[in-house]
Amino acid sequence: MPNDALLKVEKVTKTFGPVRAVDDLSFEVRAGTITGLLGRNGAGKTTTLRMINGIFLPDTGSIELLGAREVAAVRDRVGYLPEERGLYRKMKVLEHLLFLAAIKGQPPVRARQQAEKWLERFELADKRAAKVEELSKGNQQKVQIIGALLHAPELIILDEPLSGLDPVNVVLVRGILQELRAAGKTVLLSTHMMGEAEKTVDDIVLIHLGRAVLAGGLDEVRAAYGTDTVHLAFEGDGSFLPTLPGVTRARLDTNAAELELQAGASTQALLSAAMGRLRILRFEVAAPSLEQIFIEKVGGDTLGEPAASSEEVRQ
Ligand code: ATP
């Protein structure tokens, strides 16, 4: 792990009665990256983010944030979108943002400039005078994300920032997170949406039952899982694909499949066999998707989309 970590979580444990929500968890967040804290429902993501933000104290272990042992010492340099979304429903959007900025000690003129800038960037400028309760849930979420950014924090911690957003807003928010990274900010976000994580983050920390089961750069993690995976998109009935020679594991969707191959199996032979019976729209040999790795590591099912393609074969 690099030395330029903005956040260090070391051997942290948190129990609630008999439930060990976080169990001897250690990870670091590198400065200037977007790190995804990934895991299934109940894995311990929110509890971890709450401890980082000083809402809960760990039972054991330590957390170092921007070089400080106490979050209180650096709170104004940290932005936090909590899991529980809470805005005052009767307040107007701009007024609410100014209120949040004031809590963070921002001078009014600067707060107004920042609020206007972010409302514009989040495509909410026309909602500035609307009451929060008049906004859709997705737009309320965007307002709350702005609330976490207004004081220009160095470290931005977002609990499930993309959940509940429509695809257009997901792309918008992802773009904003990437701009923040380009501006030297550091982002830690939690998500269980692997397809989204794959498009957004640099590093991952996958937690299961409160423990880190996989951590590192996304590319390294994917590469470590090999390149013997075929991603297919097709028209026709693909139900025979899992039975083709050399296929050791398959995930089949209506018009797409992810096939894991035995070491040394011929991808050409697989392509020929598939082409004989299907109209192939995409055929890519690549590392497994994050979703596949996730399922392999922690089991069960997740919602997601097939990995992006880099090579395409069209009929
Ligand atoms: P989700 O994606 O569903 O939000 P999560 O990964 O954020 O899940 P946590 O909310 O951290 O998971 O929960 C981890 C475990 O700790 C769960 O078993 C949960 O029921 C338990 N837990 C969390 N907070 C409390 C609490 N305040 N009191 C009792 N148990 C809790």
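All of the numbers you see were taken from the coordinates with simple rules; none came from a lab. Keep in mind it's a predicted model, so treat the numbers as computed, not measured. Here the Cβ is made from the backbone with ideal geometry for all residues, glycine too, and neighbour counts use every protein chain on show.
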Item to check | Degrees between helix 108-121 axis and first principal axis of the chain (Cα, 0 to 90, nearest 10) | outcome: 20
Item to check | Amide proton proximity set for Ile157, modelled H, under 5 Å, gap of 5+ | outcome: Gly79, Tyr80, Leu81, Leu188
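With a cut-off of at most 11 other beta carbons within 10 Å, and DSSP calling the residue loop, which GluC sites (Glu not before Pro) in region 73-103 qualify? Please list them.
Details: sites: Glu83, Glu84, Glu95; in loops: Glu83, Glu84.
Those that pass, being in a loop and sparsely packed, are Glu84.
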Checklist outcome for this item: Listed by chain and number, the residues whose amide H is under 5 Å from that of Ser266, excluding neighbours fewer than 5 places away on the same chain and using placed H, are none
Item to check | Derived scalar couplings ³J(HN,Hα) [region 36-51; Karplus, 6.51 cos²θ - 1.76 cosθ + 1.60; whole Hz; x for Gly, Pro] | outcome: x, 8, 10, x, 6, 4, x, 5, x, 5, 4, 4, 4, 5, 5, 5
Checklist outcome for this item: Long-range amide H partners of Ala212, meaning residues 5 or more apart or on another chain whose placed amide H is closer than 5 Å, are Ser26
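How large is the dipole of the chain about the Cα centre if only Lys and Arg carry +1 and Asp and Glu carry -1, each at its Cβ, rounded to the nearest 20 debye? Walk me through the numbers on the way to the answer.
Values: 38 positive and 42 negative charges, 223 e Å.
Rounded to the nearest 20 debye, it is 1080 debye.
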Checklist outcome for this item: By the mean-Cβ-within-10 Å protection proxy, highest first, 177-188, 7-18 rank as 177-188, 7-18
Checklist entry - In whole Å, what are the Cα extents of the chain along the three principal axes, biggest one first? => result 67, 47, 35
Checklist entry - Could you give the distance between the Cα centres of region 18-51 and region 153-214, to the whole Å? => result 13
Checklist entry - If you plug each phi of region 286-296 into the Karplus form 6.51 cos²θ - 1.76 cosθ + 1.60 with θ = phi - 60°, what whole-Hz ³J(HN,Hα) values come out, in order, with x for Gly and Pro? => result 7, 5, x, 5, 4, 4, 5, 4, 4, 5, 4
Item to check | 23 Å Cα-Cα threshold exceeded, pairs from Lys45/Lys142; Lys14/Lys104; Lys90/Lys127; Lys14/Lys137 | outcome: Lys14/Lys104; Lys14/Lys137
Next on the checklist: In whole Hz and in residue order, list the ³J(HN,Hα) couplings for region 160-176 that follow from phi through the Karplus curve 6.51 cos²θ - 1.76 cosθ + 1.60, θ = phi - 60°; x for Gly and Pro.
Outcome noted: 6, x, 9, 6, x, 8, 6, x, 5, 6, 4, 5, 4, 5, 4, x, 5
Item to check | Using alpha-carbon coordinates, inclination of helix 93-103 to the longest axis of the chain, degrees | outcome: 70
Checklist entry - Distance from the Cα centre of region 217-268 to that of region 108-133, in angstrom? => result 46
Checklist entry - With axes computed from alpha carbons, what is the tilt in degrees of helix 137-149 against the longest principal axis of the chain, rounded to the nearest 10 within 0 to 90? => result 60
Checklist outcome for this item: Relative contact order of the chain (C-alpha contacts under 8 Å, at least 6 apart) in percent is 19
Checklist outcome for this item: Ranking Gly210, Ser190, Leu135 by how far each Cα lies towards the positive end of the charge dipole of the chain (+1 on Lys and Arg Cβ, -1 on Asp and Glu Cβ), the top one is Leu135
Checklist entry - Dipole of the chain (Lys/Arg Cβ +1, Asp/Glu Cβ -1, origin at the Cα centre): which of Ala21, Ile145, Val171 lies farthest to the positive side? => result Ile145
